[in-house]
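In what follows, a structure is listed as structure tokens, so that the remarks can point back to it.
The values are calculated or read from the model by the stated rules, or taken from the named source; none is laboratory data. Worth saying up front: this structure is predicted, and the values here are computed from it rather than measured. A quick note on method: Cβ atoms are made from the backbone with ideal geometry, for glycine too, and the neighbour counts reach across all protein chains shown. Heads up: the accessible areas ignore ligands, DNA and RNA and are worked out on the full protein's heavy atoms, side chains in. Shrake-Rupley method; radii C 1.70, N 1.55, O 1.52, S 1.80 Å.
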Amino acid sequence: MATMTASHLVSTVCHVNSHGADTKAANLICMKNQAAITHNGLRFLNMLDRLQMRTNGKAVARQAVKQENPRPWGKIICGKGLNLVFVGAECGPWSKTGGLGDVLGGLPPAMAANGHRVMTVSPRYDQYMDAWDTSVLVEVKVGDKIETARFFHCYKRGVDRVFVDHPMFLEKVWGKTGSKIYGPNAGVDYKDNQLRFSLLCQAALEAPKVLNLNSNRYFSGPYGEDVIFIANDWHTGLLPCYLKSMYQSRGIYMNAKVAFCIHNIAYQGRFPFSDFSVLNLPDRFKSSFDFFDGYETIDAAHAGILESDKVLTVSPYYAQELISGEDKGVELDNIIRKTGITGIVNGMDVQEWNPATDQHINVQYDASTVMDAKPILKESLQAEMGLHCDRNVPVVGFIGRLEEQKGSDVLAEAIPRFIGENCQIVILGTGKMAMEEQIENLETQYPDKARGIANFNVPLAHKIIAGSDFILIPSRFEPCGLIQLHAMRYGT
């Protein structure tokens with residue numbers, strides 16, 4: 001019986017040749033193999049068996065769970081999943097001037113991949129071809145007027161991308177570069193920015209309640225009131241105030257929380273105190289906005305920090321900097337010490353910034369092929385920029401906003417000092433007009449050595465990161481900085 005059981009269980013097929021000696025040899029091999037894989041009539045499991053057992057085991061477990069808790073399959077029942085709503089003035093790749101747009105572009109898909117339901121809410125600055133009109137309208141009070149905002153939507157990489165459509169966003173920015181998000185020129189603000197971002201905050205609070213979104217196979221319907229809002233920078237500082245005054249005071253959003261994330265404390269949204277009345281907030285919030293810097297001023301970031309449930313920033317070191325003194329905290333250090341702050345390092349979008357799959361570069365590579373790929377990519381960059389193609393000449397790159405914080409003026413002063421060396425430099429960025437003119441004149445000054453491109457060009461940014469030997473970071477201060485992460489991943 002044992003012998004029969006063993007022969008029945010053995011999966012090895014013994015092909016016996018009919019020629020005498022070969023038959024005996026084959027039978028011996030077959031018996032040896034059977035002995036090796038059986039013990040007392042039982043054989044060892046091979047990899048296929050293990051896979052089948054895992055598959056069958058999971059099927060049995062699913063059936064048991066289904067009988068115990070009969071819910072319709074096709075939806076994830078996630079005990080730890082959260083409804084997350086990221087709100088920001090920028091959201092890459094649709095709108096971006098720097099790290100804020102990068103974070104709202106890359107972090108939400110990463111959170112969605114961890115099992116959360118995720119929405120972003122940002123203004124519709126242009127005719128985004130991949131975002132469709134939901135036909136959902138909301139009316140909000142902005143200043144002394146009732147404004148009607150419309151929602152556009154698309155679903156990308158597990159995230160509901162929601163765009164607030166209103167002339168205060170679309171008509172001011174449409175067809176212009178990303179640097180016009182906050183003002184007609186770099187360093188110049190629109191005079192109604194406090195009203196524009198009041199509209200954004202109020203629309204963002206409506207979106208989870210009124211939008212019936214069914215793009216995700218695992219989640220359907222409105223997000224509802226049990227949500228966490230992640231408000232980003234001063235443009236969303238009004239959001240926790242409106243949440244408390246307009247909703248929670250009426251028993252709505254009672255479980256909702258707000259995390260306020262500081263991407264750059266240098267930008268705080270300061271306005272004359274007389275503008276408080278146009279925000280349509282109760283007087284009890286005046287103290288949260290009250291900021292004294294020699295004049296009576298309201299400060300949107302000040303209010304966001306005080307009224308939110310949690311304050312975050314983009315790196316642990318920057319969190320320490322913000323409470324280290326008045327200069328680093330830009331006069332909000334005392335408030336931040338009072339509320340506390342948590343620093344979490346910014347992450348790059350590993351899908352967009354992946355040299356092995358990057359569609360913007362001519363040669364894809366990884367750590368094992370980087371030494372072969374980099375010289376080819378350098379020559380490709382040199383050719384595109386009209387520079388002499390020589391893989392032995394070091395290429396230095398700079399990508400960033402052209403303003404004092406990013407050290408663009410330091411860079412401009414440094415170029416004449418090192419341009420005489422055997423190197424080439426490529427600069428890409430937008431910002432203050434004087435600095436844009438400065439970098440555009442580099443080709444005239446150093447036709448064989450330098451190029452400056454003053455526009456927003458995502459494909460070229462990828463080519464510079466991949467083709468350069470060095471990336472310059474002359475920033476006077478840098479809350480986190482994603483360029484460094486991109487460069488390290490691309491072997492630069």
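Worth a mention:
- Qualifying residue in segment 384-392 (condition: modelled with pLDDT of 95 or more, in a helix (DSSP H, G or I) and out of contact with any strand residue (DSSP E or B) (no Cβ under 9 Å at 6 or more places or on another chain)): yes
- Segment 375-396, subset among the polar types (S, T, N, Q) and surrounded by fewer than 20 Cβ atoms within 10 Å (Cβ to Cβ), residue nearest to CYS480 (Cα to Cα): SER380
- Selection count where residues are within 24 Å of the chain's Cα centre (by Cα) and without any contact (Cβ under 8 Å) to a residue 60 or more places away in the chain, scope segment 313-339: 4
- Any hit, segment 342-354, residues being open to solvent by 70 Å² or more (accessible area, probe 1.4 Å) and in contact with a Cys (Cβ under 8 Å, 6 or more places away or on another chain): yes
- Segment 472-492, subset open to solvent by 60 Å² or more (accessible area, probe 1.4 Å) and within 25 Å of ASN392 (Cβ to Cβ), residue farthest from the chain's Cα centre (by Cα): ILE473
- Test: residue in segment 78-89 that is aliphatic (A, V, I, L, M), open to solvent by 50 Å² or more (accessible area, probe 1.4 Å) and at pLDDT below 95: no
- Any hit, segment 226-239, residues being open to solvent by less than 10 Å² (accessible area, probe 1.4 Å), among the acidic types (Asp, Glu) and in contact (Cβ under 8 Å) with a residue 24 or more places away in the chain: no
- Filter pass, ASP469 being of a type in the set (Asp, Glu), touching a strand residue (DSSP E or B) at 6+ places or on another chain (Cβ under 7 Å), in contact (Cβ under 8 Å) with a residue 40 or more places away in the chain and open to solvent by 30 Å² or more (accessible area, probe 1.4 Å): yes
- Positions within segment 277-300 being touching a residue at least 24 places away in the same chain (Cβ under 8 Å), in contact with a helix residue (DSSP H, G or I) (Cβ under 7 Å, 6 or more places away or on another chain) and open to solvent by 40 Å² or more (accessible area, probe 1.4 Å), in sequence order: VAL278, PRO282, GLU296
- Only one of the listed residues (ILE399, ILE473, ILE465) is touching a His at 6+ places or on another chain (Cβ under 6 Å), β-branched (Val, Ile, Thr) and closer than 17 Å to GLN484 by Cβ. That residue is ILE465.
- Any hit, segment 163-182, residues being of a type in the set (Lys, Arg), buried (at least 17 other Cβ atoms within 10 Å of the Cβ) and more than 16 Å from THR236 (Cα to Cα): yes
- Failed criterion for MET254 (all others in (1) of a type in the set (A, V, I, L, M); (2) within 20 Å of GLU307 (Cα to Cα); (3) crowded, with 16+ Cβ neighbours inside 10 Å hold): (3)
- Listed by first and then second residue, the pairs linking a residue in segment 361-378 that is over 22 Å from GLN351 (Cβ atoms) to a residue that is open to solvent by less than 60 Å² (accessible area, probe 1.4 Å) and among the aliphatic types (A, V, I, L, M), with Cβ atoms under 8 Å apart and 6 or more places separating them unless they lie on different chains, are ILE376/VAL363; LYS378/VAL395.
- Of all residues in segment 416-460, those that are buried (at least 22 other Cβ atoms within 10 Å of the Cβ) and either in a helix (DSSP H, G or I) or touching a Gly at 6+ places or on another chain (Cβ under 6 Å) (or both) total 5.
- Selection from segment 183-208 of residues that are open to solvent by 20 Å² or more (accessible area, probe 1.4 Å) and of a type in the set (A, V, I, L, M): ALA186, VAL188, LEU195
- The sole residue among SER245, SER220, SER274 that is more than 22 Å from GLY81 (Cβ to Cβ) and surrounded by fewer than 14 Cβ atoms within 10 Å (Cβ to Cβ) is SER274.
- Counted residues, segment 301-318 - those being open to solvent by less than 10 Å² (accessible area, probe 1.4 Å) and either outside any loop (DSSP other than H, G, I, E, B) or charged (D, E, K, R) (or both): 7
- Residue within segment 139-160 that is assigned to a helix (DSSP H, G or I), surrounded by fewer than 17 Cβ atoms within 10 Å (Cβ to Cβ) and among the aliphatic types (A, V, I, L, M) present: no
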